[in-house]
Amino acid sequence: MADAKPTKLRPTFEADFGPTGALRQKVGSAGRVHLDRWLPFLIVNRGGGAPDSLARRIAINSPAYVVWDEADDIAALAALEAVAGRIATETGSLLVITIEDDAEATVADDSPELPSLVASVLADKAGAAGRAGNAVAKALAQIEIDLRHCKVDRTDFSPLLPERFDAMLAEMTGIERLAILIPPIHRRPDGGVYPAIADAMITRVVDAILRCACAFLDNGEGQAPAHYRSLGRSAYLAAALKADRQLSEIQSRFDFLLSISPINTSSAMKDFLESKGTREPKLHYRPLTVDPDAAKRDLYAIELSALEDPTLECLLGEKRRELDAQLTMLATRNTPSFRAASMFLYGAVESDLLADAETILLSMAKDPPRGEAIVADDIVTGANALIDQYRIFAPFDAVVEKRNDVSGLMVSGRKLYVGADSVMPKRRLRALLAHEVSVHLLTYFNGAAQGLGLFRNGLAGYEGVQEGLGVFAEWAVGGLTRTRLRLLAGRVVAVDAMLAGASFIDCWNVLHREHGFTRRGAFGITARVFRSGGLAKDAIYLQGLRTVLGLVIDGVSLDPFWLGKIAVEHIPAIEELLQRKLARPPAVLPAFLGDADTSDRIARLRSEGSIRPVLLGEQNP
């Protein structure tokens, strides 16, 4: 009698959980299990490993998942049993969400119709799984992409996994199941993909899954978190930290503002004024420290698709495009193309902003000169004294440097540059330091305390509200003078004229002869606006002030803006990262916010309910 064949045993899976449940291990030859921490849900995807699988990408962008290919079924069965069982034990209950790509809609290549956006949710009606199914169905139904609203088929649960997987999960204690079919609307008829549609679907479906998990926990006994996004990832993957370091390294190769700012402003102004404003100045610039083309090659060699986090991929992708635009500006410095590149980064002057600027210039006389003047050494002393105050509360390793090749004051990274020939009224010092130290340097160091250099270096488009916060700080301490407002308005008018094709001399004449700026004052504004070929940046100061004042009037907290250098449109992302503990509240707040006179000004602004009194100088000294 022949010996019976030995039964093939299922392989074991030795899960190496961290103290908080964190786990990241290979499953079979091409699969993986990832747990951010102990979470009450687990996304599973069994696919063919197709690189364009939307379901697979959604799964690996989730905080807890097991993914594998059909060839690894045996290993995956062992891994899923070990991981799901342990999670259920630790959390008390577990929702296993199977996500797969639905059948592909067939639409002819030349059809004027787009494939329909229909998702399927398979979950029982009652209990925790029913709550979860209702929540994810509702969230999916709110998705709109390319004018298509998602329709949702809600049916009772039926398994998408092979029978042996489903049978195993059904027998395990504390585990409930739900399944989702995702329409592959990101696929093109020719076999390619629409990347923007894929990214949008991933972001929205991952968000829907977090809502689903929150509803699963919401049994009315206080088990659900205060915000569903707190269930998202709470740790950066190595890929995210690497991409952030690479972006920071490329940004560190050049100082953008110094690279586009002239080094001979004082001598150029002397020559221009001696010509009585008839000979355009010759502005000189520092040699570039970076090869823009080489830096761009390195920029786009950074792998962002491996981040497994749609929010971070979006933020880092935006920053990459901004650095690309800055490098384009450096490559086109002192050419006609620079102006167009500048408009791409900073935009044009909107009609309502121009109207406010012209109103300020027409209705407001400059302040009469009064009081004591101070020079560069006095500014350096005052700046260091304020920096020392902040050092008591948080790491504030700022450096103040007096330079001959800088005009006025400029912050770059942790450094405050003070032009060696700077002269200003002493009464303006507190306001100027509130702008440069209590906003620009403070947000740099608060950003440095976050987990990514992105917050220190600045998220894409941060400059508008950052400069607005700076001018707001001047107003908050009672130092936003009429002369200063006229200066900001003059910059807007000059930028608008420059973008419309006016020459340097034309702009200077408009400012000096039509709006009453001194010859030196008009030159200073015009030289800033025409630096490197035409820079649209200077319009953002007044625009940013209008934005910040509007937020304050509406009762919007400014706290998110102090944790790093961010733009208004990033507030939802920042709130999400705070919920996920990937960002932290600011280590230190601006000192001026604690002043009684600042509180009184803000209260008066809110009672007025309008920014007009500030812009017209009625609330200014």
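The values are calculated or read from the model by the stated rules, or taken from the named source; none is laboratory data. Fair warning: this is a prediction, and the values are worked out from it, not measured in the lab. Reconstructed Cβ throughout: ideal geometry from the backbone, glycine too, with neighbour counts over all protein chains shown. Just the protein is used for accessible areas: all its heavy atoms, side chains included, with ligands, DNA and RNA removed. Shrake-Rupley method; radii C 1.70, N 1.55, O 1.52, S 1.80 Å.
Please go through the stretch 503-523 and give me each residue that is farther than 18 Å from residue 368 by Cα and among the basic types (Lys, Arg), ordered by number. Selection gives 513 alone. Taking residue 185, is it of a type outside the set (S, T, N, Q), in a loop (DSSP other than H, G, I, E, B), surrounded by 14 or more Cβ atoms within 10 Å (Cβ to Cβ) and touching a strand residue (DSSP E or B) at 6+ places or on another chain (Cβ under 9 Å)? Considered against the rule, which asks whether it is of a type outside the set (S, T, N, Q), in a loop (DSSP other than H, G, I, E, B), surrounded by 14 or more Cβ atoms within 10 Å (Cβ to Cβ) and touching a strand residue (DSSP E or B) at 6+ places or on another chain (Cβ under 9 Å), residue 185 comes out as yes.
Looking across the stretch 71-88, the residues that are over 37 Å from the mean Cα position of the chain (by Cα) and of a type in the set (D, E, K, R) come down to 72, 73, 81. Filter the stretch 369-416 for residues that are under 30 Å from residue 520 (Cα atoms), open to solvent by less than 80 Å² (accessible area, probe 1.4 Å), of a type outside the set (S, T, N, Q) and in a loop (DSSP other than H, G, I, E, B) and give the result. Passing the criteria: 371, 405, 406, 408, 413.
Quick one: count up the residues across the stretch 222-247 that are hydroxyl-bearing (Ser, Thr, Tyr), crowded, with 17+ Cβ neighbours inside 10 Å and over 16 Å from residue 310 (Cβ atoms). So the count comes out to 0. Taken over the stretch 38-90, the criterion of being assigned to a strand (DSSP E or B), touching a residue at least 60 places away in the same chain (Cβ under 8 Å) and farther than 17 Å from residue 173 by Cβ is satisfied by 43, 44, 46.
Look through 55, 64 and report the one residue that is of a type in the set (Gly, Ala, Ser), open to solvent by less than 10 Å² (accessible area, probe 1.4 Å), farther than 20 Å from residue 22 by Cβ and under 30 Å from the mean Cα position of the chain (by Cα). Let's see the steps before the verdict.
Values: 64 fails: farther than 20 Å from residue 22 by Cβ.
Testing whether each residue is of a type in the set (Gly, Ala, Ser), open to solvent by less than 10 Å² (accessible area, probe 1.4 Å), farther than 20 Å from residue 22 by Cβ and under 30 Å from the mean Cα position of the chain (by Cα) leaves just 55.
Only one of the numbered conditions (1) under 22 Å from residue 352 (Cβ atoms); (2) in a helix (DSSP H, G or I); (3) open to solvent by less than 10 Å² (accessible area, probe 1.4 Å); (4) not hydroxyl-bearing (Ser, Thr, Tyr) is violated by residue 561, and that is (1).
Checking the structure you have, find out if any residue of the stretch 441-464 is among the polar types (S, T, N, Q), surrounded by fewer than 24 Cβ atoms within 10 Å (Cβ to Cβ) and assigned to a helix (DSSP H, G or I).
yes
The set of residues in the stretch 417-429 that are surrounded by fewer than 17 Cβ atoms within 10 Å (Cβ to Cβ) and more than 15 Å from residue 483 (Cβ to Cβ) comprises 420, 421.
Do the conditions hold for residue 280, that is, is it in contact (Cβ under 8 Å) with a residue 40 or more places away in the chain, more than 30 Å from residue 519 (Cβ to Cβ) and among the acidic types (Asp, Glu)? Break it down stepwise before answering.
Details: in contact (Cβ under 8 Å) with a residue 40 or more places away in the chain: yes; more than 30 Å from residue 519 (Cβ to Cβ): no; among the acidic types (Asp, Glu): yes.
No; evaluated as a whole, the condition is false for this residue.
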